[in-house]
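The values are calculated or read from the model by the stated rules, or taken from the named source; none is laboratory data. These numbers were taken from a predicted model, which means no experiment stands behind them. Methodologically, a virtual Cβ is constructed for each residue, glycine included, from the backbone with ideal geometry; neighbour enumeration extends over all protein chains shown.
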Amino acid sequence: MATSSCQTPITAFQVLRNLEKYQFRYDVSHSSGKHTPRFGIDFIHEPVLSGAPSGAAENLTIFPLDPIDYLANPALFAEDLICGPNATPGTACNDVPVSNGSFSQNVQRLGLYARDSWRVTPNLTINYGLRWNTTFGLFQASGRNQLDNPAYSTLKALQVPLVIVIPPDYRKDFAPRLGIAWSPGKGTLVIRVGVGLYGNDLAQNGWVSAFQAVNQLNPYCVQPGDPGCLRGATDGGAGSLIDPDHHTPYALHASAGVQYAFNPNWTLSADYIRETGMHAYRAYNYVPG
């Protein structure tokens, strides 16, 4: 039985990463009776957020024979490797030329938050709050949005309703949080529980290929066959798109802990923490047909 083997250099890992970040944070707190409210703003400006996976030329060869067959006939291996005129039937080659694999972004992140520490009784304190996060320019690269992505314009020209709009910055990233601390008795024992949501828009690293697609201005694909259209799958054409209905990935964080003070010098504590990731990046491959 023959097996299929592939030969290709590893080009998926970034060889260059640049980051420049400026952060402004301001909050106000006030204590009144049993409440200590706090309000704040958190703004992050990243004028440089870029990277460059390898853009070296790549050759992908699918060999129809078993490796042992090529060991017995090195000349046949050399012929199949370049899909020469005497290559074994079933051999397939796909040559990818040198390309500009870089991507560059200018992203701003804004967070607004409010919280309160409520001392219900001398032994019971409840902390609760809400944070809202959003971004500006998260889906733009090299000064262009996904309208310049050849994969998007090709699907539109083919009237394939897979992705009908480009992704917008997410505006519904609300993250409530709650924490309770209770000290029964004389205060030597403290029991704490907490739960909250924590967003992370940097968790979707699979977007890089979609950003690379717009790092240079491409001819626009108006109808199939135009210079800006992607090639068919049989000719090695492939594209990457970002789901326009995306949600910012977040972690559901839950914790519980107990702390006991034997004396002023010795304490014992035990904590349980659980985090569940939601809306993490996932790639879907679509086969034409």
Check your understanding: Of the residues that sit in segment 143-170 and are among the small types (Gly, Ala, Ser) and either surrounded by fewer than 16 Cβ atoms within 10 Å (Cβ to Cβ) or in contact with a helix residue (DSSP H, G or I) (Cβ under 8 Å, 6 or more places away or on another chain) (or both), which one is farthest from residue 246 (Cα to Cα)?
Key -> 143
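Matching residues to (1) touching a residue at least 12 places away in the same chain (Cβ under 8 Å); (2) out of contact with any Leu (no Cβ under 7 Å at 6 or more places or on another chain); (3) under 30 Å from residue 159 (Cα atoms); (4) assigned to a strand (DSSP E or B):
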residue	(1), (2), (3), (4)
197	yes, no, no, yes
210	yes, no, yes, no
225	no, yes, yes, no
231	no, yes, yes, no
260	yes, no, no, yes
Exercise for review: Could you grab me the full set of residues in segment 26-75 that are part of a strand (DSSP E or B) and surrounded by fewer than 11 Cβ atoms within 10 Å (Cβ to Cβ)?
Suggested key: 26, 28, 32
**Study point:** Given (1) polar (S, T, N, Q); (2) surrounded by 12 or more Cβ atoms within 10 Å (Cβ to Cβ); (3) modelled with pLDDT of 85 or more, number of the condition residue 215 does not satisfy
**Key:** (3)
Exercise for review: Name the residue, out of 232, 185, 228, 257, that is surrounded by fewer than 18 Cβ atoms within 10 Å (Cβ to Cβ), of a type outside the set (A, V, I, L, M) and on the phi > 0 side of the Ramachandran plot.
Suggested key: 185
Study note, to complete from the structure: Checked segment 85-140 for anything closer than 30 Å to residue 185 by Cα, part of a loop (DSSP other than H, G, I, E, B) and free of Cβ contacts under 8 Å to residues at least 60 places away in the same chain; matches are 122
Review point. Looking only at segment 87-142, which residues are surrounded by 15 or more Cβ atoms within 10 Å (Cβ to Cβ), modelled with pLDDT of 95 or more and of a type in the set (Gly, Ala, Ser)?
Key: 111, 117, 129
